[in-house]
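Take a look at the structure set out below.
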Amino acid sequence: MLRFAISGGHFVILACFLATLPWSVSCLAQNTTGTNTGTNTGTNTNTVTNTNTNVGTNTVTNIFNQAAGVIVDASGVVVMKSSSDPHGILFRQRMANARANLAPELAKPSPLRKISLRRLEEAVAAELASGKSLTDEILCLAGLTRLKYIFLYPEQGEVVIAGPAEGYVLDPLGRPIGMQSGRAVLELQDLVVAMRAFPPQGKRTEVVSVSIDPTPEGLARSEQFLKYAQRNAGPNDGGRIAEGLRQAIGLQDVTLKGVPPQTHFAQVLVEADYRMKLIGIGLESTPVRMQSYVDRASPRSSASNGLQRWYFVPSYEAIRVSDDGLAVRMEGNGVKLVNADEVVLPDGKRASAKSVDKASRAFVKDFTDKYNAIADRAPVYGQLRNLIDMLVAAAYMQQHDFYGQADWKAMTLGSEQVLSVEQHATPKQVETAVNVVAKGSRLMFPSGGGIRIQPGDALANSNVIADDSGEVERERKDDVQFSQLPPSQWWWD
């Protein structure tokens with residue numbers, strides 16, 4: 001925290017800055033090719049500045065209740081946009097159209113829908129060979145909303161993923177969500193990226209991460225601005241400080257590792273990181289009752305000149321495996337939010353050894369405890385959880401050579417030349433967002449963190465447990481005979 005007392009008043013300003021901006025791309029719109037370099041035609045809330053000069057209160061702009069997304073312009077700058085449907089008329093129309101067009105068996109909710117990856121690949125190859133666009137059913141993976149199981153059938157040469165599923169519809173910004181639950185639906189383009197990170201043959205991806213950081217020049221300018229503001233600012237200058245700081249920091253850099261940056265997978269990582277930080281600094285409210293970091297922070301208890309860094313990381317209660325290793329169930333939420341001192345780097349060191357204040361610990365715990373409820377109402381967090389599930393599943397498949405045991409090389413899903421998913425503009429920079437509220441007697445800057453996914457950690461021996469009850473194995477055996485399935489059928493309940 002950077003402590004900053006201003007003159008001429010009985011309180012000072014609490015300011016926070018970050019930058020990562022959200023966007024979404026529908027799986028129902030992935031039949032097109034090329035790169036999106038359009039301009040923002042929605043409501044532009046790119047300059048996110050909030051001021052509050054009422055001591056003891058924190059009124060923020062609620063952008064969560066509007067559907068938020070972004071586009072990436074031709075220079076790689078992420079620009080925010082929103083879509084408003086205050087009475088839900090347009091969404092109800094979409095829901096009615098989806099119900100009318102979805103096949104009854106696809107629209108029916110299922111506690112466990114199973115997808116043969118080999119048969120899915122064959123269906124994709126057939127569509128591509130015929131010159132057709134991939135169907136929504138394929139692009140949205142038959143409405144799967146979680147990936148909970150991985151099954152191997154070596155004699156039949158089949159690798160199957162499974163989880164709950166339901167009919168799907170597009171939300172106001174084009175994200176596919178479940179008709180019943182509102183949960184984010186798994187997408188083919190993301191599954192492909194996860195599988196390519198852990199291919200049948202080749203090196204595994206150690207870390208998938210995103211980070212949004214101010215430039216050294218921006219930080220230097222912000223320090224100069226704050227020195228000026230400390231000498232000249234008064235208690236009514238919150239808005240001027242916020243805007244001045246935003247301009248001083250300028251554009252921040254986006255760094256993505258482990259996955260191609262021009263993919264939907266990468267876009268979800270950036271959006272989830274950004275919006276979590278907006279919630280933390282009080283610029284976006286959650287659909288569930290919880291306090292932001294700003295609500296909890298006390299300038300007196302905050303460490304001087306220390307940045308609060310928050311990270312999303314994988315979190316499973318267990319990876320339960322059958323005795324023969326052919327059936328796997330991933331148990332738990334899949335995601336948690338942690339402080340930097342809880343993030344372990346590949347070399348075994350912590351991302352930060354600095355002390356973390358109580359407000360930060362309370363914020364990340366509350367966010368984690370309520371993650372499922374938040375994800376049910378804010379699809380981007382469901383999408384993030386799905387990405388982590390897919391990465392861990394792909395890592396397990398590679399680690400235990402499911403490909404070799406099934407004699408399956410995944411030539412279509414594994415080839416960018418055959419099935420292209422790297423079609424999106426690469427996010428390079430984002431605008432800085434600043435929140436200024438009156439609180440305490442110092443200016444504080446919580447900022448930083450990101451998303452850090454190390455699938456191998458989830459599969460560590462300490463996290464893998466035996467299926468003593470045989471429940472997971474029974475789910476694998478309680479299955480349709482592959483020989484009885486029509487050749488073109490790739491999913492079933």
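The values are calculated or read from the model by the stated rules, or taken from the named source; none is laboratory data. Computed from a predicted structure; not experimentally measured. Glycine gets a Cβ as well: all are built from the backbone with ideal geometry, and neighbour counts include every protein chain shown.
Values as computed for the structure displayed
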| read-out | value |
| --- | --- |
| Near pairs, Cβ below 8 angstrom, 6+ apart or cross-chain, from the stretch 395-420 (at positive phi) to any residue that is part of a loop (DSSP other than H, G, I, E, B) | Asp407/Gly157; Ala410/Pro199; Ala410/Pro200 |
| Lone qualifier among Pro214, Pro164 - being in contact with a Pro (Cβ under 6 Å, 6 or more places away or on another chain) and either without any contact (Cβ under 8 Å) to a residue 40 or more places away in the chain or not charged (D, E, K, R) (or both) | Pro164 |
| Test: residue in the stretch 434-444 that is modelled with pLDDT of 90 or more and not in a loop (DSSP other than H, G, I, E, B) | no |
| Output for the stretch 461-486, where each listed residue is of a type outside the set (Ser, Thr, Tyr), more than 13 Å from Leu326 (Cα to Cα) and at pLDDT 85 or above | Asn461, Asn463, Val464, Ile465, Asp468, Phe482, Gln484, Leu485, Pro486 |
| Qualifying residue in the stretch 221-240 (condition: within 25 Å of Lys148 (Cα to Cα) and acidic (Asp, Glu)) | no |
| Failed condition for Glu416, given (1) assigned to a loop (DSSP other than H, G, I, E, B); (2) over 23 Å from Arg204 (Cα atoms); (3) touching a Lys or Arg at 6+ places or on another chain (Cβ under 9 Å); (4) not hydrophobic (A, V, I, L, M, F, W, C) | (2) |
| Of residues in the stretch 463-492 being among the aliphatic types (A, V, I, L, M) and under 33 Å from the mean Cα position of the chain (by Cα), the one nearest to Arg329 (Cα to Cα) | Val472 |
| Sole residue being in contact with a strand residue (DSSP E or B) (Cβ under 9 Å, 6 or more places away or on another chain), modelled with pLDDT under 85, of a type in the set (D, E, K, R) and part of a helix (DSSP H, G or I), chosen from Asp341, Asp389 | Asp341 |
| Subset of the stretch 90-111 [surrounded by 15 or more Cβ atoms within 10 Å (Cβ to Cβ) and either closer than 24 Å to Ala327 by Cα or among the small types (Gly, Ala, Ser) (or both)] | Ala98, Ala107, Pro109, Ser110 |
| Strands (runs of 3 or more DSSP E) wholly inside the stretch 40-141 containing at least 3 residues that are closer than 30 Å to Trp491 by Cβ and modelled with pLDDT of 95 or more | 110-116 |
| Residue in the stretch 182-197 that is closer than 16 Å to Ala393 by Cα, assigned to a loop (DSSP other than H, G, I, E, B) and not aromatic (Phe, Trp, Tyr) present | yes |
| Neighbours by Cβ (under 8 Å, 6+ apart or cross-chain): first from the stretch 148-161, modelled with pLDDT of 95 or more and surrounded by 15 or more Cβ atoms within 10 Å (Cβ to Cβ); second of a type in the set (S, T, N, Q) and assigned to a strand (DSSP E or B) | Glu158/Ser116; Val159/Ser116; Val160/Ser116 |
| Count of residues meeting criterion [over 19 Å from the mean Cα position of the chain (by Cα) and either among the basic types (Lys, Arg) or part of a loop (DSSP other than H, G, I, E, B) (or both)] in the stretch 199-231 | 10 |
| Count of residues meeting criterion [touching a strand residue (DSSP E or B) at 6+ places or on another chain (Cβ under 8 Å), farther than 17 Å from Asp376 by Cβ, modelled with pLDDT under 95 and among the charged types (D, E, K, R)] in the stretch 170-219 | 1 |
| Test: residue in the stretch 367-384 that is buried (at least 22 other Cβ atoms within 10 Å of the Cβ), closer than 30 Å to Gly76 by Cα, touching a strand residue (DSSP E or B) at 6+ places or on another chain (Cβ under 6 Å) and modelled with pLDDT under 95 | yes |
| The listed residue being modelled with pLDDT under 85, charged (D, E, K, R) and buried (at least 18 other Cβ atoms within 10 Å of the Cβ), out of Arg329, Arg350, Arg309 | Arg309 |
| Residue count, the stretch 316-330 (criterion: under 15 Å from Arg146 (Cα atoms) and not β-branched (Val, Ile, Thr)) | 3 |
